Amino acid sequence: LMIIYKALDGLADAYESEFQRQLRLDITGKSILIRTLISVSVFIAALLLSKNLLISAVSFVLSLLLVVYIVDIKGLKKINTVNYKVDKLSFKPIFDKSKWLFLSSFLDMYVFSASKYSVSNLLGYEVNAYYSLIFIPTSIINLMANFIIRPTLTRLSILYDKNNIKEFVKLVIKIMIGIILLTALAVAAGYFLGMPILSIVLGYDIKEMLKLRFAFIILLIGGCFYAILNLLYYVLVIFEKRREIFITYIISSIIAFLLSDRVTLKFGINGAAILYALLMCITALMFGMFCIVAILKKSKKV
């Protein structure tokens, strides 16, 4: 049932991407909000009333199916510019374009989590609990960065199609500056407030938490690199450099595999944090290199 839920979630993503492509990001936002609130609320209500996880999961799936039909499927039919003509062989070029990104997504998860795996396997449950705690803000930085990145993807694609590379590069640089400024604020706030707030909210000893300040700041910086590499990932997708993305993740995965356990075992949490930031930095630099080459080639053709 959870697999079916995720499949429907993916179907909703496809409709929401089309809304965004049609410059109706407002409908995408409403769709995400409505389907998340309703499906989660139905799941929790069913669980509280029935005390049965199976019944709750069934309710979870049915509620999402209903929302996807009403909000996404029927909503898209109101947009007249959508072509509903079916090409039975259309899956072939889509699969061909997506296969490298599909494989890359697994490697991305490994590279992102390699330091967490090493801490969990080598340093024990208690240390892993602390590391998982200070690791959370790295994802929050990327989440906040997506508020800047996602709404601009359609505009970036249009600029690319129109061969307006100068404006394309300007927009990418602006987004990158926004991510860096966002991270600078997060680092400043994290240095002074991060450990006290986490200790109060979660009940951890403040002295123990302060020992983790260095690792926490390094993870925040790593989160900045992760947000930047995600931006550059989208740029490479627009330039149709899917194999370059896959090659980058292969290299990053090898580095992660060779270094994760050694660095974590030798330097503990601080080593794991540095390794995470290093992996994100290396991946972002490789993406950046491929982006520069792709932009220069496109500029010459224009």
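Here are a few things to note about the model shown:
- Dividing the summed helix terms, -39500 (n - 2.57) for each DSSP H run of n ≥ 4, by the number of residues in the chain produces a 222 nm estimate of -29500 deg cm²/dmol to the nearest 500.
- Rounded if a/c under 1.5, otherwise prolate or oblate - the chain, Cα gyration tensor axes: oblate
- With 26 Å as the limit, the listed pairs Lys99/Lys298; Lys74/Lys162; Lys78/Lys99; Lys6/Lys30 have Lys74/Lys162; Lys78/Lys99 beyond it between alpha carbons.
- Point-charge dipole on Cβ atoms (K/R +1, D/E -1) for segment 1-113, about Cα centre, debye to 20: 300
- Screening the chain for whole DSSP H helices of 24 Å or more along their axis (Cα) with average Kyte-Doolittle hydropathy at least 1.6 returns 25-50, 165-189, 213-238.
- Cα-Cα over 23 Å, subset of Lys166/Lys300; Lys170/Lys297; Lys97/Lys166: Lys97/Lys166
- When the chain is treated as a Gaussian network with alpha carbon springs shorter than 10 Å, the biggest mean-square fluctuation among Ile70, Ile158, Ile269 belongs to Ile70.
- Taking the chain as a Gaussian network of alpha-carbon nodes connected by springs under 10 Å, the highest mean-square fluctuation of the residues Val40, Val111, Val172 belongs to Val40.
- Cβ-derived FRET efficiency at R0 35 Å, Gln22 paired with Phe95, nearest 0.05: 0.90
- Among Ile217, Ile73, Ile238, the largest mean-square fluctuation in a Gaussian network model of the chain (Cα springs under 10 Å) belongs to Ile73.
- Heavy-atom accessible area per residue - segment 82-188, 1.4 Å, Å²: 62
- Carbon and sulfur %, accessible surface of segment 1-150 computed with the full protein complex present, 1.4 Å: 70
- Of the chymotrypsin sites (Phe, Trp or Tyr not before Pro) in segment 70-99, the ones in a loop by DSSP (not H, G, I, E or B) with at most 11 other beta carbons within 10 Å are Tyr84.
- Accessible surface computed residue by residue for segment 1-43, with neighbouring protein chains in place and a 1.4 Å probe, gives 60 Å² per residue.
- Computed over the chain, relative contact order equals 21 percent, with contacts defined as Cα pairs under 8 Å that lie 6+ residues apart.
- Accessible surface of segment 174-292 [probe 1.4 Å, protein heavy atoms]: carbon and sulfur percent: 75
The values are calculated or read from the model by the stated rules, or taken from the named source; none is laboratory data. The shown structure was predicted, so the numbers you read here are calculated from the model rather than taken from an experiment. Heads up, the Cβs are rebuilt from the backbone with ideal geometry, glycines too, and the neighbour counts pull from every protein chain shown. Protein only, heavy atoms only, side chains kept; ligands, DNA and RNA dropped before computing areas. Shrake-Rupley method; radii C 1.70, N 1.55, O 1.52, S 1.80 Å.
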